[in-house]
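Visitor: Let me give you the structure first, and then I'll get to my questions.
The values are calculated or read from the model by the stated rules, or taken from the named source; none is laboratory data. What you see is a predicted model; the values in this text were computed from it and never measured. All Cβ positions, even for glycine, are placed from backbone atoms using ideal geometry, and neighbour counts span all protein chains on display.
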Amino acid sequence: MIDLSGRVAVVTGSGRGIGRAEATRLAAYGAKVVVNDLGVATDGSATDESPADEVVSEITAAGGEAVSDRSDISTADGGAALVQRATDEWGRLDIVVNNAGFGRPRMAFNMTEAEWDDVIRVHLKGTFSVTSPACRWWREEAKAGRGGYGRIVNTATGLLMAGGAGQSNYVAAKAGVMAFTNAVATEMAPYGVTANTIMPSAYTRLAAIGWRSRQHREAAAGPIDAGDPVHVAEMVCYCASPEAGYLSGQTFQVRGGIVEHIRAWEVDRLAERGDRGWAAPDLAGEIPRMFGAGAKPAELPPKEWQQEYQATGTASTSSTPRTDTF
Ligand SMILES: NC(=O)c1ccc[n+]([C@@H]2O[C@H](COP(=O)([O-])OP(=O)(O)OC[C@H]3O[C@@H](n4cnc5c(N)ncnc54)[C@H](O)[C@@H]3O)[C@@H](O)[C@H]2O)c1
């Protein structure tokens, strides 16, 4: 039984896609939700859309409680304003879901400084910008004797496990999100606040610029629609619930009906020579042995992508299929 009644959640970028599913499912389990969305395009450029308002209408029509917010979470001021919106509206904050983002794919050798900075800013700084004032609020509550509950769910990408050609800015930001989440999990443990990372998978407009649609059609042909963001949202609701209080500093990938626990940054193999250390010529013999007789080179992207990269030197945000996953 998951019961989030009385809990207050903020979900960034929840006007569309995965965030929308997260906001509506959190509300369905009883949480009051601040639906944040700046309404930008998939490359972060401004539009005149207000998708957050539509989600608020959807939640309230279903009997839930929600308010919309247009803060730009990629700024510290925007993150603080979002947290303030929750506490002003409902006097508390229990759940933070950092989900907002966009992509600006291009090969590193062609990437501009703005493409690098904007993607790092929205994903990595955006996660910090909301998490930091939320943690400050939880810490103050704890000092006042009212604390003991907080849930942070951050968003990374399974592309971290697939190399990420054409997405170096994006995977760098998302690896940072995972590392940040684990540090915050340790920092906030004394306050009863957990922090976990989700690697989502859903057929959204953002996925459409990077995913192979064939794969999605095949997935969608199964008994459940693996591209439906609701599967990701259900895992987020679990992580946000009192039931998941023991779970912190963990990463899960959700792909349709599959939930995978991901372990990263662990010692895998070691070579030890305690008496005098290793010299480079010794390592040239030892390191290949680590990988055994079946050692093979790192997996490269499919050949047609490599050819395209070589021909164009770019990974534009057109509809050209490019990467397996964000
Ligand atoms: N779709 C996937 O399969 C997939 C896979 C891995 C990771 N992700 C991650 O999941 C998250 C959601 O992606 P999605 O596929 O739902 O994308 P989406 O484009 O459908 O939704 C993202 C939303 O974030 C909003 N947004 C962007 N910048 C913002 C800002 N500065 N402030 C407030 N709102 C902002 C956009 O307006 C948009 O509505 C992203 O972090 C993405 O990197 C998605």
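Visitor: Can you tell me which residue within segment 90-108, out of those that are under 20 Å from Gly148 (Cβ atoms) and assigned to a loop (DSSP other than H, G, I, E, B), is nearest to the ligand (Cβ to nearest atom)?
Guide: That would be Leu93.
Visitor: Next question. Among the residues of segment 58-83, write down those that are within 22 Å of His123 (Cβ to Cβ) and either near the ligand (Cβ under 10 Å from one of its atoms) or surrounded by fewer than 17 Cβ atoms within 10 Å (Cβ to Cβ) (or both).
Guide: Within segment 58-83, Asp69, Arg70, Ser71, Asp72, Ile73, Ser74, Thr75, Ala76, Asp77, Gly78, Gly79, Leu82 qualify.
Visitor: Working only within segment 157-187, note down all residues that are away from the ligand (no atom under 16 Å from the Cβ), crowded, with 19+ Cβ neighbours inside 10 Å and without any contact (Cβ under 8 Å) to a residue 60 or more places away in the chain.
Guide: Val184
Visitor: I would also like to ask the following. Could you grab the pairs with beta carbons closer than 7 Å, sequence gap of 6+ or different chains, first residue in segment 29-45 and in contact (Cβ under 8 Å) with a residue 40 or more places away in the chain and farther than 15 Å from Ile73 by Cα, second one more than 6 Å from the ligand (Cβ to nearest atom) and basic (Lys, Arg)?
Guide: Ala31/Arg7; Asp43/Arg104
Visitor: Could you check how many residues of segment 41-57 are more than 10 Å from the ligand (Cβ to nearest atom), part of a helix (DSSP H, G or I) and of a type outside the set (Gly, Ala, Ser)?
Guide: 3
Visitor: Let me ask something additional. Among the residues of segment 22-40, write down those that are within 8 Å of the ligand (Cβ to nearest atom) and not polar (S, T, N, Q).
Guide: Answer for segment 22-40, where residues must be within 8 Å of the ligand (Cβ to nearest atom) and not polar (S, T, N, Q): Asp37, Leu38, Gly39, Val40.
Visitor: Also, I was wondering about something else. Out of everything in segment 196-224 that is at pLDDT below 90 and part of a loop (DSSP other than H, G, I, E, B), what residue ends up being surrounded by the fewest Cβ atoms within 10 Å (Cβ to Cβ)?
Guide: Pro223
Visitor: Next question, about the same structure. Take the conditions touching a Leu at 6+ places or on another chain (Cβ under 7 Å) and either of a type in the set (Gly, Ala, Ser) or modelled with pLDDT under 90 (or both) and apply them to Ala240. Does it pass?
Guide: Taking the combined requirement at face value, the residue satisfies it.
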